[in-house]
Amino acid sequence: MGRLRNTSERFGAPAIALHWAMALLLPGLIASGLYMASMPDVGFDTRKIVLILYHKEVGILALALALLRLAWRVGNTLPALVETLPRWQQVSARLVHLCFYALMVALPVTGWLMSSAGGFPVSFLGLFELPDLIAPSDFRFHGLIEIHQWLGYALLALTLVHAAAALRHHFLLGDATLKKMLPGVSSQGAAFD
Ligand code: HEM
């Protein structure tokens, strides 16, 4: 078990758990979204409808986790970036993280707006129905599909850059960047409780 709160050296257990839960959920949502978009709309195949239902439920779960994560982020110390990092890389890293937060909220919200515009209800894990955010409108429905799709591409591109940077720091530069986001490993590399 790691420490709960973030320190200036590393992320705490809740931040790490939320980071890796979302690092699994979000690519899964992007993959299912792209697959759904490639499926035909008509026919007796109900697989697309079932997939859309799961995509929406998991998307709303991702929104709840993103809000929780945002709250944790503003209420906690932000671990410092590696000191030797050039200034432009420090600024880009922080900028990518900010874009992630914006996308983690904007993607599910545009999905929710899209469903409302299309006249389709949205529920929280099937437990209760959420209110419609806007009135039904065919024009807005199609516009929001486009926006949702492009935000998904942006998240995918940023994730690839972000993951490549993390792996480069770990395997090529050998610094503590990845270790501070891993459970039970101190920034110096030794296990701690
Ligand atoms: C959809 C996938 C991902 C998203 C949305 C994401 C998002 C973020 C965000 C917002 C931060 C800033 C810290 C925070 O406030 O929580 C962060 C930090 C970090 N992420 Fe990710 N991440 C993703 C996937 C990955 C993957 C696949 C890796 C590793 C291969 C990774 C490695 C890291 C590391 C090492 C940090 C700490 C960077 C530092 O502060 O120096 N992330 N991530």
Inset, instruction - Consider only pairs whose beta carbons are under 7 Å apart and that are at least six residues apart or on different chains; among these, list those whose first residue lies in region 166-183 and is free of Cβ contacts under 8 Å to residues at least 12 places away in the same chain and whose second residue is open to solvent by less than 50 Å² (accessible area, probe 1.4 Å) and among the aliphatic types (A, V, I, L, M). - result: 170/178
Legend entry - residue 131 vs. criteria modelled with pLDDT under 95, open to solvent by 60 Å² or more (accessible area, probe 1.4 Å), more than 11 Å from the ligand (Cβ to nearest atom) and on the phi < 0 side of the Ramachandran plot: no
Inset, instruction - State all residues of region 121-132 that are in contact (Cβ under 8 Å) with a residue 24 or more places away in the chain and either part of a helix (DSSP H, G or I) or not hydroxyl-bearing (Ser, Thr, Tyr) (or both); if no residue qualifies, say none. - result: 122, 124, 125, 126, 130
Inset, instruction - Could you tell me whether region 55-74 includes any residue that is over 11 Å from the mean Cα position of the chain (by Cα), surrounded by 14 or more Cβ atoms within 10 Å (Cβ to Cβ) and more than 19 Å from residue 112 (Cβ to Cβ)? - result: yes
Legend entry - Matching residues in region 4-52 - criterion: being in contact (Cβ under 8 Å) with a residue 24 or more places away in the chain and not in a helix (DSSP H, G or I): 5, 6, 7, 8, 9, 10, 11, 12
Legend entry - Selection count, region 155-174, where residues are more than 9 Å from the ligand (Cβ to nearest atom) and open to solvent by less than 40 Å² (accessible area, probe 1.4 Å): 0
Inset, instruction - Could you tell me which of the residues 126, 111, 119 is more than 20 Å from residue 30 (Cα to Cα) and either modelled with pLDDT of 95 or more or surrounded by 13 or more Cβ atoms within 10 Å (Cβ to Cβ) (or both)? - result: 119
Inset, instruction - Scan region 73-97 residue by residue and report those that are part of a helix (DSSP H, G or I) and more than 8 Å from the ligand (Cβ to nearest atom). - result: 74, 87, 88, 89, 90, 91, 92, 94, 95
Legend entry - Given (1) more than 16 Å from the ligand (Cβ to nearest atom); (2) hydrophobic (A, V, I, L, M, F, W, C); (3) outside any helix (DSSP H, G or I); (4) over 22 Å from the mean Cα position of the chain (by Cα), number of the condition residue 141 does not satisfy: (3)
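The values are calculated or read from the model by the stated rules, or taken from the named source; none is laboratory data. Everything numeric in this text was worked out from a predicted model, so none of it was measured. Note that we place each Cβ from the backbone using ideal geometry, even for glycine, and neighbour counts take in every protein chain shown. When the accessible area is computed, the model is the full protein with side chains, heavy atoms only, and any ligands, DNA or RNA have been set aside. Shrake-Rupley method; radii C 1.70, N 1.55, O 1.52, S 1.80 Å.
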